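The values are calculated or read from the model by the stated rules, or taken from the named source; none is laboratory data. Bear in mind that the values here come from a model prediction, so they are computed numbers and not experimental data. For neighbour counting, all protein chains shown are included, and Cβ atoms are generated from backbone atoms with ideal geometry for every residue, glycine included.
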Amino acid sequence: MTEYQLAIGITVAFLGMLLAAGVALIPRAWAHRLSNLLLVTANLIGLVAAVFVITGQEGVVLPAQMQHLFFDMRFTLDRFSAIFFALLSLIGILTSLYAIPYLERYTGTYNLSNVNMLTALFIFGMQGVLLATNVLGFMAFWEIMSITSFFLVVADGTEASRRAGFLYLVMTHLGAGALIAGFFLLTNNSLLIDFNTVLYASSELSPFTLSLALALLLFGFGSKAGLVPFHVWLPEAHPQAPSHVSALMSGVMLKIALYGFLRVILFMVPGVPQWFTTVVVVLGLLSAVFGVLYAILERDIKRILAYSSIENLGLMFVMIGVALLASREGSGELAQAAIFATIYLAIAHALFKTGLFLASGTMISAVHSRSLEVMGGLAQRMPYFSMVVCALALAAAAMPPFGPFIAEWTFMQAMVGALADVTPMLKVTLVVILAILGFVTGLALFAMVKFYALAFLAQPRSSEAKEATEPHLNFLLPSFLAFAGVLLLGLFAPQLFVSLGAMALVSEADVSGLANEVLFVSGEALWPFMILVAMIAVVGMLVLLRRLVTDLKKERVYQTWDCGQPITPRMEYTATAFSAPIRAFFRMVLRAQKVVVATPIVPTNPWMASREMTLEAHSVWYERLYRPLQTGLLKVAGVLSRLQNGSIQFYVGLVLLALIVTIIVAL
Amino acid sequence: MNPLILTLLQVIVVLAVAPLAVGLVRFYKARLQGRHGAAPWLPYYTYLTLLKKENVISSSSSWMLRAAPYAVLGSAVFMAIVLPLVSVGGIAASLSNFILVAAILALGSAFLVMGGLDVGSAFGGMGSSREMTIASLLESTILLTFAAFAVVSGVSTIDGMISGDALTAITVISDPYLLLPVIALILIALAENARYPVDNPATHLELTMVHEAMILDYSGPYLAMMEYASALKLTVFMLLVTNFLLPYPLLLSASGAGDVVLVILVVLAKIVVASFALAILESTIAKMRFYRVQEYLTGAFFIALSGLALTLLSTTLL
């Protein structure tokens with residue numbers, strides 16, 4: 001395809017969002033379906049065009065007419081932003097497909113035309129961020145993205161949503177403010193210069209100004225990406241949105257923040273100072289560890305997924321930090337592997353997290369609750385759906401042969417390979433990162449097994465769960481497509497690495513006598529396809545042997561062994577009990593408080609008592625960091641409010657004083 | 001020898017001796033405790049009997065109960081195929097990358113855990129919760145331990161770490177700093193196989209059990225598969241640990257038909273010695289209270305970490 005055709009394709013996808021938003025507002029019943037179908041079509045066109053841009057040689061510039069539509073700005077898509085554009089389009093297709101049957105069940109809760117319009121504008125904003133070529137455009141679309149997602153968080157109008165929404169609004173605007181300030185410093189006060197020329201401006205900055213700009217940008221992008229300790233809004237806001245919007249927020253919006261961060265780090269600054277890489281690595285590790293620990297503790301399925309997003313974004317920032325460290329120390333191979341692992345994990349995370357969030361929507365609509373404690377037994381009632389969710393959960397835990405495993409393997413293998421011949425300082429850092437990474441991977445499996453097993457296995461814990469039935473194909477298909485995507489991402493990793501430009505990480509090698517394209521990181525080859533073949537071969541052989549050796553018909557169904565007293569669902573392990581060992585082992589950092597209140601039934605016998613257990617898991621970050629900040633600010637505001645004495649002359653005097661001070665500072 | 005034959009020989013030998021390893025440990029333990037004990041080959045008979053018995057499926061279970069035995073046994077068989085246990089340089093040697101092996105091991109544990117939860121009894125849930133905790137906290141230790149071997153040998157496939165040749169082998173004697181990673185590997189093996197001091201494989205008491213609690217509701221062929229999987233895993237770890245201590249003689253591509261008998265005898269000797277050592281250990285120490293297992297896991301983690309640090313230090317200085 002020619003560059004012009006691709007540019008038209010991207011433009012159609014871009015403007016298609018506006019069209020879909022307009023259609024959504026038509027007050028007719030068909031507007032809902034038409035609007036979402038338009039979203040699917042436009043995103044499909046965008047996906048195809050973006051994939052061609054990735055595999056092509058250069059980026060595309062959108063037609064000049066577009067320039068006049070939006071603040072006289074050039075829109076371009078280079079190979080780097082095209083990766084994220086393709087990701088956004090892909091997830092957009094899945095979520096819009098899901099929105100059609102999903103939202104029709106919630107006509108009482110949501111205003112369909114508002115939700116559809118906001119979703120379309122939300123995707124439009126994210127596309128705009130990727131297409132923007134200067135700071136002004138970037139920030140304008142960034143705001144469209146933030147504001148529409150805020151309205152989507154509060155879409156169901158409940159008190160909980162409003163609280164979460166306002167927390168999100170405050171955090172996102174603090175972040176946006178930091179971004180604008182950071183960009184101002186970086187571009188030397190000219191917000192209209194092209195991104196490609198920012199490097200010239202930033203090269204002339206003093207080290208202190210550069211550091212300040214980077215710190216502001218790290219806070220801005222980090223708070224959007226949900227890095228600990230700027231993450232408090234994320235587990236509140238993401239679960240409150242409709243499930244397909246949660247998928248967009250967790251799957252794509254966080255990646256937009258990652259894109260912005262990478263765009264600045266890789267293309268806009270001459271190099272980053274030592275302290276900056278350290279901070280990136282430390283924040284990444286903190287996010288990964290706390291994200292996964294809270295994911296284990298949590299009982300609300302959507303919050304588990306939100307915390308798992310924090311963990312995954314943490315891993316990505318660790319990878320970026322290692323890439324920065326490695327390129328500073330001159331180990332180019334490690335740096336390259338880490339960057340491509342970041343991008344690969346970003347793609348894989350978007351897919352499996354979308355699949356899981358969409359599945360959580362289906363689960364919630366079946367049991368009418370987000371709590372794991374009222375689920376259970378769903379696998380018996382929705383077998384096909386449960387298999388898809390199980391596979392997605394295992395993919396989320398970076399199990400082979402899925403995409404996330406490939407990303408983590410690439411990163412870990414590159415680190416292990418580099419251990420022998422890097423500087424002592426980097427060795428120590430890599431060993432620590434490797435240890436924590438292993439810890440996080442292990443606990444991620446815990447969180448995901450808990451997510452799947454407590455919701456789907458054993459006996460149903462509520463009457464709603466007991467009456468669940470296999471969801472309609474419309475509900476199943478998007479999750480299944482996400483599963484297929486994350487599987488293909490694993491199997492065709494070598495080919496995809498080549499398309500993404502990581503030729504150095506792929507090699508033609510001879511594995512087990514078969515020549516093929518394999519992943520090749522620091523001297524080690526991995527052929528993902530072979531892993532799946534081996535797994536299928538082993539299990540297939542076992543199935544065959546079982547059929548040959550034993551009599552399959554010799555089988556009967558009977559109740560679970562119960563020691564003579566019937567087992568009720570109340571005797572099952574709950575989600576709280578399942579994670580008890582982790583809560584106990586990490587009580588130093590988690591500070592969950594278990595309170596058991598025993599009320600004696602017979603006053604004379606303390607052993608016969610009805611016991612009530614409450615478990616309070618306070619967010620340490622909120623209590624220790626945000627609460628003091630909040631009370632401090634309120635105190636200051638209280639002192640300042642004494643100025644408000646009702647005399648107009650005094651106010652005018654203050655305005656004058658402010659003007660004079662400003663002029664003095666400015667001059 | 002052809003790589004295919006090397007792998008086939010290894011798989012046949014390991015699959016064949018697995019029940020013997022479990023039987024031997026029980027036999028030695030019985031003798032150490034002053035009992036006569038059952039014959040070491042009783043497990044062969046037990047598994048064959050179980051295969052003929054009726055399969056009872058819990059009414060509250062889903063497809064997971066049926067999938068778990070295949071996944072758990074599959075994970076163990078995968079280890080027996082790819083790891084260098086009897087032969088080095090087999091056809092699947094390229095799949096023995098330690099990160100992949102750790103993941104497959106974790107995958108097996110995950111299915112064991114989900115199978116345990118599926119029947120809905122409190123026993124299964126308790127065992128599953130404990131097993132998941134142990135398996136997930138061991139992950140880091142496994143990675144660090146093998147990373148140390150990878151640094152010394154320069155390759156990340158476990159197959160490449162064990163050369164199987166007396167001249168080029170990396171042993172604890174040639175590189176003494178590998179002692180710590182080997183100790184860490186032994187601690188991993190004990191925890192992964194649900195042995196003392198993490199779990200007591202002999203009891204069915206809810207206070208002590210991890211592994212047994214999860215397979216309580218399996219019967220007939222599925223129970224045979226689960227039991228055989230744990231026997232196989234034990235054998236794999238016994239051979240892996242002994243191979244890291246004494247990486248020869250193993251079957252190589254250069255070895256002839258005459259070596260096969262010798263190597264099989266050596267493998268049997270390794271199993272006999274390793275099960276005796278395990279029986280001695282299990283007869284002399286007590287099982288830990290579960291909520292103290294974190295101390296064991298933390299200890300293993302720091303041994304592995306210091307092993308890697310010492311290895312890096314030594315290879316940099318020497």
ask   = Do the conditions hold for B:SER60, that is, is it facing another protein chain (nearest Cβ under 9 Å), outside any helix (DSSP H, G or I) and within 30 Å of A:TYR384 (Cβ to Cβ)?
value = yes
Checking B:MET225, B:MET209 in turn, the sole residue that is buried (at least 22 other Cβ atoms within 10 Å of the Cβ) and part of a helix (DSSP H, G or I) turns out to be B:MET225
Exercise for the section: Check the range B:309-318 and report whether any residue there is more than 19 Å from the chain's Cα centre (by Cα), within 14 Å of chain A (Cβ to nearest Cβ) and crowded, with 22+ Cβ neighbours inside 10 Å. Expected result: yes
Exactly one of A:MET387, A:MET363 is within 14 Å of chain B (Cβ to nearest Cβ) and among the aliphatic types (A, V, I, L, M), and that one is A:MET387
What about A:PRO528, is it touching a His at 6+ places or on another chain (Cβ under 9 Å) and crowded, with 18+ Cβ neighbours inside 10 Å?
no
Note to self: So for the range B:158-177 (the condition being facing chain A (nearest Cβ under 7 Å), more than 23 Å from A:ALA435 (Cβ to Cβ) and touching a Pro at 6+ places or on another chain (Cβ under 9 Å)), does at least one residue qualify?
What the structure shows: no
In the range B:268-288, anything within 17 Å of the chain's Cα centre (by Cα), more than 22 Å from B:ILE170 (Cα to Cα) and in contact (Cβ under 8 Å) with a residue 40 or more places away in the chain is listed as B:LEU268, B:VAL272, B:SER275, B:PHE276, B:LEU278, B:ALA279, B:LEU281, B:GLU282
Selection status of A:LYS450, buried (at least 23 other Cβ atoms within 10 Å of the Cβ), among the charged types (D, E, K, R) and either at the interface with another protein chain (Cβ under 8 Å from one of its Cβ atoms) or over 23 Å from the mean Cα position of the chain (by Cα) (or both):
yes
Notebook entry, point to check: So is A:GLU508 surrounded by fewer than 17 Cβ atoms within 10 Å (Cβ to Cβ) and closer than 30 Å to A:ARG303 by Cβ or not?
Noted result: no
Review point. Would the range A:1-15 turn up any residue that is modelled with pLDDT under 95 and part of a loop (DSSP other than H, G, I, E, B)?
Key: yes
Within the range B:173-201, residues small (Gly, Ala, Ser) and either touching a residue at least 60 places away in the same chain (Cβ under 8 Å) or closer than 13 Å to B:MET288 by Cα (or both) come out as B:ALA184, B:ALA191, B:ALA194
Some residue of the range A:579-591 being farther than 30 Å from B:THR49 by Cβ, more than 7 Å from every other protein chain (Cβ to nearest Cβ), in contact (Cβ under 8 Å) with a residue 40 or more places away in the chain and surrounded by fewer than 17 Cβ atoms within 10 Å (Cβ to Cβ): yes
> Going by the conditions given, is A:LEU633 under 24 Å from B:TYR291 (Cα atoms) and either within 35 Å of the chain's Cα centre (by Cα) or within 14 Å of chain B (Cβ to nearest Cβ) (or both)?
Replying inline: no
Those residues of the range A:402-432 that are under 21 Å from the mean Cα position of the chain (by Cα), in a helix (DSSP H, G or I) and more than 9 Å from chain B (Cβ to nearest Cβ) come to a total of 6
request  = Please verify whether the range A:110-119 includes one or more residues that are part of a helix (DSSP H, G or I), in contact (Cβ under 8 Å) with a residue 24 or more places away in the chain and under 19 Å from the mean Cα position of the chain (by Cα).
outcome  = yes
Condition set more than 7 Å from chain A (Cβ to nearest Cβ), out of contact with any strand residue (DSSP E or B) (no Cβ under 8 Å at 6 or more places or on another chain) and surrounded by fewer than 24 Cβ atoms within 10 Å (Cβ to Cβ), scope the range B:82-101, selection farthest from B:ASP217 (Cα to Cα): answer is B:GLY89
Result of the Cβ filter at 8 Å on the range B:239-267, keeping first residues that are surrounded by 17 or more Cβ atoms within 10 Å (Cβ to Cβ) and partners that are hydroxyl-bearing (Ser, Thr, Tyr) and not in a loop (DSSP other than H, G, I, E, B), at least 6 apart or interchain, is B:LEU250/B:SER87; B:LEU251/B:SER87; B:LEU252/B:SER87; B:VAL263/B:SER87
Is it fair to say B:VAL113 is closer than 30 Å to A:PHE456 by Cβ, within 7 Å of chain A (Cβ to nearest Cβ), in contact (Cβ under 8 Å) with a residue 40 or more places away in the chain and assigned to a helix (DSSP H, G or I)? yes
